[in-house]
1. Comparing F74, F242, F272, which has the greatest mean-square fluctuation in the GNM of the chain with Cα pairs linked when under 10 Å apart?
2. Treating the angle as unsigned and between 0 and 90°, give the value, to the nearest 10°, between the Cα long axis of helix 301-316 and the longest Cα principal axis of the chain.
3. Per the Kirkwood definition applied to all pairs of different Cα atoms, how many angstroms is the hydrodynamic radius of the stretch 298-422?
4. Provide the net charge surrounding T391, with neighbours chosen by a C-beta distance below 13 Å and charges set as Lys +1, Arg +1, Asp -1, Glu -1.
5. Report the local net charge at T73: Lys and Arg +1, Asp and Glu -1, summed over other residues whose C-beta lies under 10 Å from its C-beta.
6. Using only the Cα atoms of the stretch 69-198, each taken as one equal point scatterer with no solvent, compute I(q) by the Debye sum, divide by I(0), and report log10 of the ratio at q = 0.12 Å⁻¹.
7. Under a crude label model (7 Å from the Cα following the beta-carbon direction), how far is K119 from I262 in nanometres?
8. Assuming 0.36 nm per residue, please report the length gained on full extension of the stretch A327 to S243 beyond their Cα-Cα distance.
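Each value in this text was obtained by applying a stated rule to the coordinates, not by laboratory testing. Quantities reported herein were computed from a predicted structural model and do not represent experimental measurements. Please note: Cβ atoms are built from the backbone with ideal geometry, for glycine as well, and neighbour counts cover all protein chains shown.
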Amino acid sequence: MANAKFIQIHTLTSYPGTLLNRDDAGFAKRLPFGGATRTRISSQCMKYHWRHNDGEQGLYRLSVSHTVRSRQTFIQLVAQPLIEEGYPPKLVVCAVNTLKELVLSGKSVSDADYKKILKGEEDLDSVLKTSQVTILGEPEVRYLRQLAANTIDSLRQELGFLWDDQETELSKEQIKIAIDAFKQVSEKDMKQNLKGLGIATGLDAAMFGRMATSDILARGDAAVHVAHSFTTHAEESESDYFSAVDELVASMGEGELGSGHINTNELTSGLFYGYVVVDVPLLISNLEGCDRKDWESVDRTLAADVVERLIHLIATASPGAKLGSTAPYSRSEFVLVEAGTSQPRTLANAFRRPVDMQPDLLANTYHALANHVREIDSMYGTNEERCLSATGPIEQLTAALQAGNAIPLANTATWAAAQVRG
């Protein structure tokens, strides 16, 4: 397809004896669907592990800036480096707080708050730690740090003594000079300069979006949409009783068994259906910094590389919970990639009726999926081109999908990248 607007990625992945994603009580996350409770993996969990995978298909092996997600960004990456360079801490906190408030809320810092900082009544952590995780690209962080440094440098002539004696108390006049300098930071200039950084939000935000509460930072819509994975069948779980041996006590003999800890964990198993959609025009727009309507006329190489790596990650990167005790490493047994221009649609409803687990769960899941695809295609027509990688009894499935023979995953990923390149 010359200009596919959507890449849809469907997977089936089996995990035995694991606890992939826990709720606040430590139990497996669940989802009611079709009158049965299913085991689920949240989209946030999966995206985290795709973002941070450092294997050969890792996203950050691409030559593109990273994204920083933290409540500590303004402290650790903007303020502390300036303090380590010798800038007076009071002035650093004031300057960085000015930028933080403008970037996150579009508001100005009050004179009263400036005075508290300059009089030493507020510390760095209490002022600069944000109440929510902020998402900033590395170029944006560097720009904000340099802007803070430039603002402080403008005070060297009047307040240069602070570089030598940081504990000196400031007079009312000196405090006013400092406040006036910080208020000179231009919201308009900041907005223009941040916009001029191009894909300053970094790869992470370009793919998965960024909320912005002021109009200085560019709000980014997610180009990659990720559904929660869930089991095609009713949940299967077991309470795992375990104990830890206190080896020193056990070695004493005298009838001591040496039990040091007794507890239970929930273990689950299941065949999970996963669904991901890539909005190709938006991904290209986010990565290249162009208007969405111009997506066909710009270089699509980076977007194609991102999609190719993403398919590998979706199929091979496992959620990382309880690695030491369950080794939850599985690879997808089924990866279907579709390219088209029509609005995407999930195939999850193939499993609205829980799949029977006997005699062969994978075969029964394939059967349910094949029937659903036939019915959907019969009703709406086949509007997508398809490419399939799969194992197991796939004969009826390939006929229903009209996707040709199953091919290696690397070939499917390459095919998807070619659809993005056009």
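1. Most flexible of the set in this elastic network: F242.
2. 60 degrees
3. Over the stretch 298-422, the inverse of the mean reciprocal pair distance is 16.1 Å.
4. -2
5. It works out to a net charge of +3.
6. Relative scattering, expressed as log10 I(q)/I(0), comes to -0.41.
7. The modelled label-to-label distance comes out at 6.0 nm.
8. 28.4 nm
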